[in-house]
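The values are calculated or read from the model by the stated rules, or taken from the named source; none is laboratory data. A quick note: this is a predicted structure, and the numbers were derived from the prediction, not measured. Cβ: placed from backbone, ideal geometry, glycine included. Neighbour counts: every protein chain shown. In case anyone asks, the SASA skips ligands and DNA or RNA and just uses the protein heavy atoms, side chains included. Shrake-Rupley method; radii C 1.70, N 1.55, O 1.52, S 1.80 Å.
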Amino acid sequence: MTFRNATRRDLPAVLALLADEDQVLDPASIVVGEAHERAFAAIEADARNEMLVLTDGADRTDGAGETGEVVLGCLQLTYIPGLGQNGQERAVVEAVRVRADRRGAGLGAELMRLAVERARERGCGLVQLTSSNRRTDAHRFYERLGFARSHEGFKLQLKP
């Protein structure tokens, strides 16, 4: 397996993971819109943001002549400076997904372990995340990894 920064080539696979966490979607069926392109370019250009993928590490060719690894999981890490935590950065983990057909084999735990290690190496004093109230399995997963429920989160949806 390979843990690395996502490339533009990975974008359809990442969007497939984010689109439906209960089934495997073919990345070739995903329409990558202009907003996705802009967002990915902004993440890629920002030293405080990383879109990371865990792949099978196997370089293969599909029927259309495309080569590449299979993206098994993804997450986004955002580093936030702050005055709390003695001025240390904090890492925010978002968009954590593992392919539905690969769950239960420890890939999610490995993905999170690697993300925490990346934050530690950067000097972060805290790793935090939010998870939808509906994702109770994910809550148990994060707690098994040592994350503690510490705050109640709130969101305000802004519509254009």
Out of segment 110-160, which residues are touching a helix residue (DSSP H, G or I) at 6+ places or on another chain (Cβ under 7 Å) and farther than 16 Å from Gln76 by Cβ?
Gly125, Leu126, Phe141, Leu145
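Mind listing whichever residues of segment 84-95 are among the aliphatic types (A, V, I, L, M), under 12 Å from the mean Cα position of the chain (by Cα) and closer than 15 Å to Arg118 by Cα?
So in segment 84-95, the residues among the aliphatic types (A, V, I, L, M) come out as 91-93, 95.
Remaining after also requiring under 12 Å from the mean Cα position of the chain (by Cα): 92-93, 95.
Those that are among the aliphatic types (A, V, I, L, M), under 12 Å from the mean Cα position of the chain (by Cα) and closer than 15 Å to Arg118 by Cα: Val92, Val93.
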Got a number for residues in segment 104-160 being within 17 Å of the chain's Cα centre (by Cα), of a type in the set (Gly, Ala, Ser) and closer than 25 Å to Gly82 by Cβ?
4
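Let's see how each residue does on (1) part of a strand (DSSP E or B); (2) at pLDDT 95 or above; (3) open to solvent by less than 30 Å² (accessible area, probe 1.4 Å):
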| site | (1), (2), (3) |
| --- | --- |
| Leu72 | yes, yes, yes |
| Tyr79 | yes, yes, yes |
| Val92 | yes, yes, yes |
| Asp101 | no, no, no |
| Ala109 | no, yes, no |
| Met112 | no, yes, yes |
| Arg118 | no, yes, no |
| Ala138 | no, no, yes |
| Glu143 | no, yes, no |
When you scan segment 40-53, do you find a residue that is open to solvent by less than 50 Å² (accessible area, probe 1.4 Å), touching a helix residue (DSSP H, G or I) at 6+ places or on another chain (Cβ under 8 Å) and not in a strand (DSSP E or B), even just one?
yes
